[in-house]
Structures are given as C-alpha cells and as structure tokens.
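Here the structure comes first, spelled out in structure tokens, and everything after it is commentary.
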C-alpha cells in the first residue's frame, strides 16, 4: 500500500497523559500537513512541513502540541498534558511540491483520539 | 470565523437524480476551490477542483460551478448513485501561497437512495 499511513488508528488516553501519533506520507511527497477534525466540522489546518522544515503553524497548535519531521520522511505529532477538548480525528496529508498546490493532497485514514 | 460554509448539513436524493451541494465563502483571497469526499473511517479523497479564473469544471458525473461575485460554488452530481453516499467537503486555497493549506467547510452528508 503506497498511500498515507497513520498510526495508531485509535487512541484512548486519560486526561493529562501525553500522546504521540505517527504519519508516513507517500514516499516521494515532500509536503506534509496535519489537520484536526472534530465532530460535525471540516478538517482544520494545524501545521505544514516542506521536507524537514516546519514552515507554518496554526494558532490552533498550542504550546502543548509539537510536530516534527526529522528526516523529511515520516512525521510525529505529540500532544502533552492532554485535555478533553483535544478529542478529535487527527489527519495527515501529503503532496508532491511539483504538482499544483492542493490538488494532489492525499489524506491518511486519521488517528481518532479520545481523552477521558 | 467560518470562512468556508456549507449550510446544508445533509442532503437526500433518489438514485439517478441530480445532487447539488452548495458552498459559500467569505475570504476574497481564496483563488482555488476543491471538493473532497469522505467515507466513514477513511480520510478525505480529492474529487474535483476549480480555479477562480474559471466558472465551471467538469469531470464525468461531477461538475463544479463557481460564482465569484456571489462567493458561491456548487457541486453537481449527475446521475447520483448509491455509492456517492458520503460526506462532501468544500475547501479553499488562498492566493499567494505556494502550498496546499486548505480551509474546509463543515461538510454535507449526501445520502443517495436506491
């Protein structure tokens, strides 16, 4: 399977715990995005990487959130001291920079986080 | 601040008929628009897009119309099929950016009845 892969698919954690999600983009894609989707809403942009450089962060990404893409391949999203409001679907997407912006963004299946 | 709005949470259509999904936006800086389809337990998949220099783009059964003056776009599916039942998201890209930071609407649940 050469699509965008996210792990885990589901995560239940207690409030105050730290969680980390992983995204493996399509191998030749150098653009990587994280989005968050809550119930009844569309995905909201969190952050963007061009290779290993994090070029934009949304104000939604509080200081409890950190994302990395150390070697320009896979990415991790960590949430520290989770809160119930962090419960959402976390989506990763990737696209090649040689294509038109946005039209070839491929999404993973997401990680559903539930904070209890 | 909802810059992209899909005011119909759901739409029900008979198989073979036309489905029309609507989307409004407020930010004049948006210059590229996309529709994504999402099945349960899957990520969104790209369906069709349109640049602001056009007013129509067609791909098989799917046509997107853009009315810039009204800041309105719509997705037409003809004929609708039961397999089209999914959540449809409208999304927009802001001009001046070189990468795909998407602003999404809330989504419309389309149900196509056999």
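What the table shows:
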| item | result |
| --- | --- |
| Among the residues listed as B:91, B:86, the single one being more than 16 Å from residue B:10 (Cβ to Cβ), within 14 Å of another protein chain (Cβ to nearest Cβ) and in contact (Cβ under 8 Å) with a residue 12 or more places away in the chain | B:91 |
| Complete set of residues in region B:10-28 that are within 14 Å of another protein chain (Cβ to nearest Cβ), loosely packed, with under 15 Cβ neighbours inside 10 Å and modelled with pLDDT of 95 or more | B:10 |
| Condition check for residue B:77: at pLDDT below 95 and crowded, with 18+ Cβ neighbours inside 10 Å | no |
| Leading residue by the ranking (nearest to residue B:29 (Cα to Cα)) among those in region B:92-114 that are part of a strand (DSSP E or B) and at pLDDT 95 or above | B:104 |
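Residue by residue, here is whether (1) without any contact (Cβ under 8 Å) to a residue 12 or more places away in the chain; (2) facing another protein chain (nearest Cβ under 9 Å); (3) under 28 Å from residue B:34 (Cα atoms); (4) in contact with a strand residue (DSSP E or B) (Cβ under 7 Å, 6 or more places away or on another chain) holds:
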| residue | (1), (2), (3), (4) |
| --- | --- |
| A:14 | no, no, no, no |
| A:17 | no, no, no, no |
| A:25 | no, no, yes, yes |
| A:49 | no, no, yes, yes |
| A:56 | yes, yes, yes, yes |
| A:76 | no, no, yes, yes |
| A:94 | no, no, yes, yes |
| A:114 | no, no, no, yes |
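The values are calculated or read from the model by the stated rules, or taken from the named source; none is laboratory data. Just so we're clear, the structure is a prediction, and the values are computed from it rather than from any experiment. Cβ atoms come from the backbone with ideal geometry, glycine included; neighbour counts cover every protein chain shown.
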